[in-house]
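Any read-out appearing in this document is the output of simple, stated calculations on the displayed coordinates, not a laboratory observation. Because the structure is a prediction, the values reported are computed rather than measured. Cβ sites come from the backbone with ideal geometry, for glycine too, and all protein chains shown count toward neighbours.
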Amino acid sequence: MEPIKIDPAKALDEALNLQRKLAEGFRTLREVEDVDFGVTDKEAVYREDKLVVYRFKGDRKPTAKRPILIVYALVNRPYMVDLQDDRSLVRNLLALGEDVYLIDWGYPDGADRWLNLDDYINGYIDRSVEAVAAHAGVDRVNLLGICQGGAFSLCYAALHPEKVRNLITMVTPVDFHTPDNLLSHWTRQLDVDLFVDTLGNVPADLMNWCYLTLKPMRLFQQKYVGLVDILDDKAELENFLRMEKWIFDSPDQAGEAFREFIRDFFQGNKLLRGGLTIGGRAVDLRMIDHPILNIFAEQDHLVPPAASRALDGATGSEDYTQLAFKGGHIGIYVSGRAQREVPPTIHDWLAARP
């Protein structure tokens, strides 16, 4: 093995550059104000328990004939779709004339320990859909389900097909047993009954730890080492802090719903294989005959592309379109490429299916 050759001049330059970055970084940190997310004006149109349905307000009047209702996952706050002015799926859809609503699940506490999937899907989502339809003056809405919210939306469309016009799924798991699904490999060995019976609601910090350890070098070390490179850039530093704040602002999980989701989706893979029941009713993907746009991320470490591609041919729809996005699970909302590609794709697809 050859010895590592070190260029003294280059090493000195790197050390001096690091010293400069750190010095400028300390000055920048004093200038950075508290960062927040969820930048687009909105109004509450429906409330129930901790849930709030918002309608976003754009700079122009919507031209779309039907509203979009975004159904986000339970495990994170939904404002990844509206993170900041120049990184907002919501803002870009509004600019194209879409009428955008969103379910904010809130923060479950001990009173929500026994909420189950029936409560979320046949309860909260159903009443939110009805509220949005009434507010917009339409009979059916367009659903945009994201991640776990996409799986919920598939279940909802199968159980309540008369209330959905078009269905969009983003980074949505359908086949939970693909070989590259690390979350699935973990959870399939979990004694979920013991887990939930012991903890009750599942703590957000525990969930975050599990997600971060899927890519420990990248998420525990590399990104913080890379932080040094942007310490002297106030805008980039604020972007970093905004993302960190979103990541760690996670709700606890209602225990019973968590139990059912792990057991029936991750362990049983029933959404794809069959045998899934929600509220005593069978969920059959073949009952979904709506037009479907399925968007997935090619570098997604949480929902591998194969897990989403499995939707192709699994439903009764004769109008199925899919978009493979070159990016990751979060980049599909916040990257520059995402701003250019994803909202126009959704808008154009919906425009052809009023």
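How big is the charge dipole of the chain about its Cα centre, in debye rounded to the nearest 20, if each Lys and Arg gets +1 on its Cβ and each Asp and Glu gets -1 on its Cβ?
Values: 41 positive and 54 negative charges, 120 e Å.
Rounded to the nearest 20 debye, it is 580 debye.
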* **Inter-label distance for R281 and K57, nm, one decimal - labels placed 7 Å from Cα along Cα-to-Cβ** => 3.6 nm
* Option label - mean projected area of the Cα convex hull in nm² computed here, alternatives (i) 17.3; (ii) 18.8; (iii) 21.1 -> (iii)
* Signed unit charges on C-beta, dipole axis of the chain, positive-most listed residue A134, Y333, P354 -> P354
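How many Lys pairs in the stretch 205-354 lie less than 26 angstrom apart by Cα atoms, where the lysines are 8 or more positions apart or on different chains? The partial results should precede the final answer.
Working: K215/K223; K215/K245; K215/K326; K223/K234; K223/K245; K223/K326; K234/K245; K245/K326.
For the stretch 205-354, qualifying lysine pairs total 8.
When only DSSP loop residues count, what chymotrypsin sites (Phe, Trp or Tyr not before Pro) in the stretch 88-117 have their Cβ near at most 16 other Cβ atoms within 10 Å? Working shown, then result.
On the way: sites: Y101, W105, W114; in loops: W105, W114.
Taking the stretch 88-117 and a limit of 16 other Cβ atoms within 10 Å, the loop chymotrypsin sites (Phe, Trp or Tyr not before Pro) found are W114.
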* Backbone HN-Hα couplings from phi across the stretch 187-201 [Karplus 6.51/-1.76/1.60, Hz, Gly and Pro as x] -> 6, 5, 9, 7, 7, 5, 5, 4, 4, 6, 4, 7, 8, x, 5
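Could you tell me the relative contact order of the chain? Use alpha-carbon pairs under 8 Å, at least six residues apart, and round to a whole percent. Walk me through the intermediate numbers first.
Values: 639 pairs, mean separation 78.0, N = 354.
Across the chain, relative contact order equals 22 percent.
Test of the criteria: in the stretch 96-192, which GluC sites (Glu not before Pro) are in a DSSP loop and have at most 11 other Cβ atoms within 10 angstrom of their Cβ? Intermediate results must be reported in sequence, preceding the final value.
On the way: sites: E98, E130, E162; in loops: E98.
Filter output for the stretch 96-192: empty list.
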* **Positive-end extreme of charge dipole, the chain - chosen from N122, G97, F37 (charges on Cβ)** => G97
* Asked: Which residue fluctuates the most in the chain, going by a Gaussian network model with Cα springs under 10 Å, if the choices are L190, L69, L285?
  -> L190
* Structure fact -> To the nearest 10 degrees, the tilt of helix 126-136 (Cα long axis) against the first principal axis of the alpha carbons of the chain is 90 degrees
* Other-chain or far-sequence residues with amide H under 5 Å of L323's (modelled H) -> N294, I295, F296
* Potential lengthening between A111 and R30 on full extension [0.36 nm per residue; Cα-Cα distance subtracted] -> 25.1 nm
* Residues with amide H under 5 Å from that of I278, placed H, sequence gap 5 or more -> V283
* Could you list which residues have their amide H under 5 Å from that of N166, counting only those 5 or more apart in sequence or on another chain, with H placed in the peptide plane? => N142, L143
* What ³J(HN,Hα) values, in whole Hz, does the Karplus curve 6.51 cos²θ - 1.76 cosθ + 1.60 give for the stretch 340-354 when θ = phi - 60°, with x put for Gly and Pro? -> 7, 9, 6, x, x, 4, 4, 4, 5, 5, 5, 4, 7, 9, x
* Structure fact -> Computed over the stretch 284-354, the relative contact order (Cα-Cα under 8 Å, seq sep at least six) in percent reads 36 percent
* Taking θ as phi - 60°, what are the ³J(HN,Hα) couplings along the stretch 143-156 by the Karplus curve (6.51, -1.76, 1.60), each to the nearest whole Hz, with x for Gly and Pro? -> 9, 10, x, 10, 6, 4, x, x, 4, 4, 5, 4, 4, 5
